[in-house]
Amino acid sequence: MKEKLIVGLSGGRDSVALTHFLYTQGGYDLVLAHMNFHLRGEESERDETFVSRLSRDLFPNAELVVKGVDCEGYAAVHKVSVEMAARDLRYAWFEDLRRKYGATYIAVAHHADDQIETVLMNLARGTGGAGLVGMKERDDGRHLIRPFLSKTRAEIDAYVTDFGLPYVEDSTNTDEEIRRNYIRHTLIPTFERLNPSFRKSLLRSIGIFSEEQAYIESVVDEEEKARFDRDTDLIKLGDSDDQMPELIFRRLFARHGFNDEQIRSLRGLGGKSARSFHLPSSEISAQSFRGRLYMYEDPLPLKPYRMPIRQSQTDYDVPHFGGVRIDTGDSLQPVRGRLRVDAGCLRHTLCLRNAKPDDRFSPFGMKRGSKLLFDYLKDRGVPPVYRPFCPVVASEESGEVVAVLPFEIAETAKVTGDSRETLTLSISRPDSSLARLLLTLS
């Protein structure tokens, strides 16, 4: 069975050459995708008609899919340039087609001259080293391949001539108000006056940049493995972070969505507690606490709950947390993450609920008095943002907290030799970052 590919076919020279190459020599099952942006009036309709005829005459065994979009309307709604709107619409549709047809990759016709233009555009925007790498021949994250990326425009011209392939010209390609066209028609020729081999030189430099960036990314990978805990969504901070090479530190936190200003604030933060950050253009925030940076959904979906504990029920689903198991047990000593309370001596109806700011707690061993529950959770290493989500077992009548899962029982609920009725408490299904964090802290 042939590998299936989605191929972007605009009707221009490059995309026609790529489609012909893949169709005749690649041994692939192709789905040809043409998007009509309706930006050039009759010319846009001409392109669609041309692609339909070309597909029928030269690529009869490939399926053609055509879609029309309101590119200008999309740009206005999303407040982006028409160029960016066209790019977003095109690639989103390509990915939809890839999933629909079960294709491995999306093939696009970018070539070496496009690579040069892209790097120069990135440089003009003020990009870092990562932008000087340009495009990749294979981008697994976006399921893209660029088979012609090492081929020059001249080589593609020769291919088109050799096979006598028809194509259409986009009249806007000469409009130097479009940044890429200005780079192509004015900027690159200017560089070639300084160095006739400018294109080859820059492509060689791009190759070197790629090797350098790959090495930097490997260092960042190792740093991330040492710092980032995926189970609990936390990143470890260190007192010596301000001594780390700035490039490595910046790349590490940029991966997680922090902007430059936030990254500067993080350097040297170390064990300083309770700084909060909202990641730009996302629904994620982070809070530092005791040398750790906790990532969480913002706003956290705090939904207060109170569940009466019944003899006939053992499993309880706690919102945005996971499963808690409460059943009868013997008077054996508690083990880590599992608590036993003397339910008989309490003479209260018990419930499972979330912690509250005004809760007080007398931990096991505290013979007199009590402390604020949130202060207790602070001592156990729970960051402020998570404390209202911690599950507790409490008296329905008095509100007394008799156990904090999965940490500790209250002094008044301790199991003794005279205990007749005991309950065993545990987190049975740690479905959230918080639940997994509490287990590691217990």
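Annotation: of all residues in the stretch 325-351 being touching an Asp or Glu at 6+ places or on another chain (Cβ under 6 Å) and either open to solvent by 60 Å² or more (accessible area, probe 1.4 Å) or within 21 Å of Arg380 (Cβ to Cβ) (or both), the one that is modelled with the lowest pLDDT is His348. Could you list all residues from the stretch 203-242 that are surrounded by 11 or more Cβ atoms within 10 Å (Cβ to Cβ), of a type in the set (S, T, N, Q) and part of a helix (DSSP H, G or I)? Matches in the stretch 203-242: Ser205, Ser210, Gln213. In a residue-by-residue description of the stretch 166-180, the property of being at pLDDT 95 or above and of a type outside the set (Val, Ile, Thr) applies to at least one position.
Being in contact with a helix residue (DSSP H, G or I) (Cβ under 8 Å, 6 or more places away or on another chain), open to solvent by 20 Å² or more (accessible area, probe 1.4 Å), over 20 Å from Thr232 (Cα atoms) and not in a strand (DSSP E or B), is that true of even one residue in the stretch 416-425? No, the stretch 416-425 contains no residue that is in contact with a helix residue (DSSP H, G or I) (Cβ under 8 Å, 6 or more places away or on another chain), open to solvent by 20 Å² or more (accessible area, probe 1.4 Å), over 20 Å from Thr232 (Cα atoms) and not in a strand (DSSP E or B).
Quick one: would you say Ile156 is within 17 Å of His20 (Cα to Cα), out of contact with any strand residue (DSSP E or B) (no Cβ under 8 Å at 6 or more places or on another chain) and touching a residue at least 24 places away in the same chain (Cβ under 8 Å)? Here the answer is yes, as Ile156 does meet what is asked. For the stretch 285-305, the set of residues classified as open to solvent by less than 60 Å² (accessible area, probe 1.4 Å) and not small (Gly, Ala, Ser) consists of Gln287, Phe289, Leu293, Tyr294, Met295, Tyr296, Asp298, Leu300, Pro301, Tyr305, listed by residue number. Of the set (1) open to solvent by 20 Å² or more (accessible area, probe 1.4 Å); (2) in a loop (DSSP other than H, G, I, E, B), all apply to Ala154 but (2).
All of Gly257, Gly322 fail the test of being among the small types (Gly, Ala, Ser), open to solvent by 20 Å² or more (accessible area, probe 1.4 Å) and touching a residue at least 24 places away in the same chain (Cβ under 8 Å), apart from Gly257.
For the stretch 119-134, check the following and say yes or no: at least one residue is without any contact (Cβ under 8 Å) to a residue 40 or more places away in the chain and surrounded by 14 or more Cβ atoms within 10 Å (Cβ to Cβ). Taking every residue of the stretch 119-134 in turn, at least one turns out to be without any contact (Cβ under 8 Å) to a residue 40 or more places away in the chain and surrounded by 14 or more Cβ atoms within 10 Å (Cβ to Cβ). Restricting attention to the stretch 352-395 and to residues that are assigned to a helix (DSSP H, G or I) and touching a residue at least 40 places away in the same chain (Cβ under 8 Å), the residue that is surrounded by the most Cβ atoms within 10 Å (Cβ to Cβ) turns out to be Phe389.
Check Lys200 against each of (1) farther than 25 Å from Leu22 by Cβ; (2) of a type in the set (Lys, Arg); (3) part of a loop (DSSP other than H, G, I, E, B) and name the one condition it does not meet. Checking Lys200 against (1) farther than 25 Å from Leu22 by Cβ; (2) of a type in the set (Lys, Arg); (3) part of a loop (DSSP other than H, G, I, E, B), the one that fails is (3). Counting only residues that are part of a strand (DSSP E or B) and either over 30 Å from the mean Cα position of the chain (by Cα) or of a type in the set (D, E, K, R) (or both), which one in the stretch 1-29 is farthest from Arg56 (Cα to Cα)? Out of the qualifying residues, it is Lys4.
The values are calculated or read from the model by the stated rules, or taken from the named source; none is laboratory data. These numbers were taken from a predicted model, which means no experiment stands behind them. Neighbour counts are summed over all protein chains in view; Cβ atoms, including those assigned to glycine, are modelled from backbone coordinates with ideal geometry. Please note that ligands, DNA and RNA were not included when accessible areas were found on the heavy atoms of the full protein model with its side chains. Shrake-Rupley method; radii C 1.70, N 1.55, O 1.52, S 1.80 Å.
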